[in-house]
Amino acid sequence: LQEGRLHHNVIIYTKRDFNGSATRNKINFFNFFMSSGNIIGSGIFISPKGVLEHAGSVGLSLIVWVCGGGICTLGSMCYAELGVTIPKSGGDYSYVTEIFGGLVGFLLLWSAVLIMYPTTLAVIALTFSNYVLQPAFPNCLPPFIATRLLATICILFLTWVNCSSVRWATRIQDVFTIGKLLALVLIIVVGLVQICRGFYDALRPSTAFEFREEPSVGQIALAFLQASFAYSGWNFLNYVTEEVVEPRKNLPRAIFISIPLVTLVYTMTNIAYFSSMTPQELLASNAVAVTFGEKLLGQFSWVMPISVALSTFGGINGYLFTSSRLCFSGAREGHLPYLLAMIHLKNCTPIPALLVCCIATIFILCIGETHNLINYVSFINYLSYGVTIAGLLYLRKKRPNLVRPIKVNLLIPISYLIFWAVLLGFSLYSEPVVCGLGMVIMLTGVPVYFVGVHWKNKPKWIYQVVGKQQTHHFTPWLTRAATNDFFHNQLIDQ
């Protein structure tokens, strides 16, 4: 094989494409640090209300935001060790599959495809529609049907964009990131001006810890789940670990700079909110940033809903874009159907994977409420984080002589797992239906794994039926991607 080319509806790959060594980009410290900016997302416009509601006071909610960043730092340090010890694409899924085997890895993949990505997309889409519609309904909440309809239109449009062109999808991501940064800078600057003018009654120690009602440990755990939704993305660093120049040096630097920076931005944003709103006003608002803008920006208040809408629009696009990468990792391991490993012959876009994610997202946003969905997806996220970090300890015991360019102190993963166990235990106790439903859906993957993956000697008629269906419906315009690395290289070329 001398060159990659299209020939008779089949993509021919070079050997260099298979190992990725020919076209893989190398990321230095500066680029890697900038990529960690993906952590700052639309969650900061969604989660403050949920954190305050469960924490019960302004002071405790700020403590939750700061401690949430600290916990993410501990988790990132553990992931840094795993990332350079097991240099494979796919993040959590690849590590767990390598350490614990196919079943546990499949359950993580199953929950990501059915729960994590679709639910996160549903939450962000609902936030987008709320912020767009809230100015039109200043004295009440936007109608249920209107928010769901606008969110569905947004999901369908961005799915079409991602199916049509990788270039369009990446351009949207670049442009709409500006909205996120503009909104946060505006909120923090205006909030600091308010504080300098003496408007910080809600932040005084005498009032900051006035509880509406004494919070239970379970409620505090749910407050951490709400905050963790805003911090989700800290493990995104591991999706590019093998492309980093000198990961042993640059990966810890990126962690120790980027996550504290995100924590500072989130904490300052919440402080800014409380400089102009009472806790009661924040809890009554369905779009916190819009209420903030209406109180302080006057005739320029329209800037805030537009900025947040741009941010959430870009966030939806980003999650749709990255969800396909996980599908390719799963297909490479044989854990996903053949169909989901296919890409469009001309556009090199993973249309089947995107359509599955789109349909699941629309279903979830039609039946769920934003804050319950956050608890639901954050519980599953934390569950996967804990299993992955437990894998680090298991790998230390099982393969003590394995080369580890980064090796963290054992107290770090142990501390994280203690917090993890307490958080999930009390969250499950406080919200047994919401959190328990996620576990039930995850466990439904067990029979699917044994029938679809573990059972190797299936009757021939099954393969014949599946093969004929795929050939009949998809061969003219789809082809199977050889590896996740090849798809990654296609994105770089685009």
Report the extension gain between PHE256 and HIS454 in nm, rounded to one decimal, defined as 0.36 nm multiplied by the number of residues separating them, less their alpha carbon distance.
67.2 nm
Per-residue HN-Hα couplings for segment 277-290, Karplus 6.51 cos²θ - 1.76 cosθ + 1.60 at θ = phi - 60°, whole Hz, x for Gly and Pro?
10, 7, x, 5, 5, 5, 5, 7, 7, 8, 9, 4, 5, 5
Please work out the FRET efficiency for the pair ILE359 and LYS295, using the Cβ-Cβ distance as r and a Förster radius of 56 Å; give the result to the nearest 0.05.
0.90
Inter-label distance for ASN372 and ARG167, nm, one decimal - labels placed 7 Å from Cα along Cα-to-Cβ:
4.5 nm
Peptides ranked, highest mean first, by Cβ atoms within 10 Å: ranges 437-445, 67-75, 194-202
67-75, 437-445, 194-202
What percent do you get for the relative contact order of segment 273-431 when only Cα pairs under 8 Å and 6+ apart count?
11 percent
Rounded to the nearest 10 Å², the accessible area of VAL113 using a 1.4 Å probe with every protein chain kept is 30 Å²
For the pair GLU246 and GLN280, what calculated FRET efficiency results from E = 1/(1 + (r/R0)^6), where r is the Cβ-Cβ distance and R0 = 51 Å, to the nearest 0.05?
0.50
Could you list the chymotrypsin sites (Phe, Trp or Tyr not before Pro) in segment 290-327 that lie in coil according to DSSP, counting only those with at most 13 other Cβ atoms within 10 Å of their Cβ?
TRP302
What is the extension gain from ARG399 to TYR338, computed as 0.36 nm multiplied by their sequence separation minus the C-alpha to C-alpha distance, in nm to one decimal?
18.6 nm
With the Cα gyration tensor of segment 288-377 giving a ≥ b ≥ c as the square roots of its eigenvalues, does the rule (a/c under 1.5 for rounded; else a/b larger than b/c for prolate; else oblate) give rounded, prolate or oblate?
prolate
In the neighbourhood of SER216 defined by beta carbon distances under 14 Å, the net charge of the other residues (Lys, Arg +1; Asp, Glu -1) is -3
If packing is taken as the average count of other Cβ atoms within 10 Å, what order do 414-421, 273-280 fall into, highest mean first?
273-280, 414-421
When only C-alpha pairs under 8 Å and at least 6 residues apart count, what is the relative contact order of segment 193-302, in percent?
35 percent
Using amide H atoms built 1.01 Å from N in the peptide plane, name the residues 5+ places from ILE343, or on other chains, whose amide H lies under 5 Å from its own.
THR479, ARG480, ALA481
Between PHE157 and VAL185, what is 0.36 nm times their sequence separation minus the Cα-Cα distance? Round to one decimal in nm.
7.2 nm
Describe numerically, in nm with one decimal, the distance between label points set 7 Å from Cα along Cα→Cβ at LEU141 and at VAL433.
1.5 nm
Can you give the FRET efficiency to the nearest 0.05 for ALA421 and LEU203, using r as the Cβ-Cβ distance and R₀ = 25 Å?
0.15
Phi-derived 3J(HN,Hα) across segment 188-194 with the Karplus relation (6.51, -1.76, 1.60, θ = phi - 60°), rounded Hz, x for Gly and Pro, is 5, 5, 5, x, 5, 4, 4
Rounded if a/c under 1.5, otherwise prolate or oblate - segment 262-301, Cα gyration tensor axes:
oblate
What does the highest-first list of 114-122, 250-258 look like by mean Cβ count within 10 Å?
114-122, 250-258
Accessible area in the full protein assembly, largest first, 1.4 Å probe, for SER378, SER216:
SER216, SER378
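Once neighbouring chains are kept in place and the probe is 1.4 Å, which whole percent of the accessible area of segment 91-241 is contributed by carbon and sulfur?
Of all accessible area on segment 91-241, carbon and sulfur atoms account for 70 percent.
The values are calculated or read from the model by the stated rules, or taken from the named source; none is laboratory data. Predicted, not measured: the structure shown is a model, and the values here were computed from it. We place every Cβ from the backbone using ideal geometry, glycine too, and count neighbours over all the protein chains shown. Areas reflect the complete protein model, heavy atoms only, side chains present, ligands, DNA and RNA absent. Shrake-Rupley method; radii C 1.70, N 1.55, O 1.52, S 1.80 Å.
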